[in-house]
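Note sheet for the following structure.
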Amino acid sequence: MMALTECNTTQFFKTLGAELPRPRAILMVSAHWETASPAASISAQPETIHDFYGFPPPLYELRYPAPGAPDVAKRAAGLIDNAGLGPTALGERGLDHGAWTPLRFMYPAQDIPVTQLAVQSHLGAKHHYDLGRALAPMADEGVMIIGSGGISHNLREWRSVPPGAPPAWLTAFVTWVRQAIENCDHAALVDYVKQAPHAARNHPTHEHFLPLFVALGAAGAGARIVRELKDEMDRALSLDGFVFAAQA
């Protein structure tokens, strides 16, 4: 529903679109595209995918008809394959709501070419961090690399937790992640399944956390935070935002 409402997160997206240097293209890593091995979309005109059910009709009327970026997808595939992380499949795919929801606030003109890169949940955080390291050269080529997911994502718990103060298991996990990011402790983050408190409860499945590691990897071991949003925790969800830059 964020796509239809104003909140801290949508305002954060608007601010980013206005303040960050305009990219020539966007490579979006969305939690909502999972594949067995790396995959990128070469769609020249990606459709708007409404990959959700049971929401109000206005949500299904939204469109984000940005042009695709097949050249960026092919460049990403080459870098991934050269790093030994492929082979990377190339195929036609539209933009899911993990992609178009933030982009419609960041770049409402819908004129920046965008492509998507899939996640491979079964391969874990280290794989996605390595994907980011492989893709790092693209940041110097005018490509903005975005990881779209959630710092905590347990919808079953969200439905059962009453409104009010967030549960202790959510607060502990989010606090640990924020501190590890701020301290550039990427080794601990990559090992979050073992090291972070209540990791399994915050992410019973891991696809929503893995895009973060692509962004971290692309920014590098000394990544510094240049923009930050610490969102209000909503029952059993938290949608923090971080903008990373490589250490100068």
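Just so you know, all these numbers are worked out from the coordinates, no wet-lab data involved. As the structure is a prediction and not an experimental result, all values here were calculated from the model. With ideal geometry, Cβ positions are generated from the backbone for all residues, glycine too; neighbour counts draw on all protein chains shown.
Tabulated values for the structure
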item	result
Normalised convex hull volume, the range 166-217, alpha-carbon set, Å³ per residue	73
Residue 116 long-range amide H proximity, modeled H, under 5 Å	28, 41
Cα centroid of the range 31-84 to Cα centroid of the range 114-147, whole Å	13
Calculated diffusion of the range 2-245, Stokes-Einstein form, Kirkwood radius summed over Cα pairs, 20 °C and 1.002 mPa s, µm²/s	118
Cβ-defined net charge surrounding residue 31, 15 Å radius [Lys, Arg +1; Asp, Glu -1]	-4
Proximal aspartates and glutamates relative to residue 14, as straight alpha-carbon distance under 19 Å, when same-chain residues fewer than 8 apart are discounted	6, 111, 228, 231, 232, 240
Neighbour-count order for 60, 129, fewest beta carbons within 10 angstrom listed first	60, 129
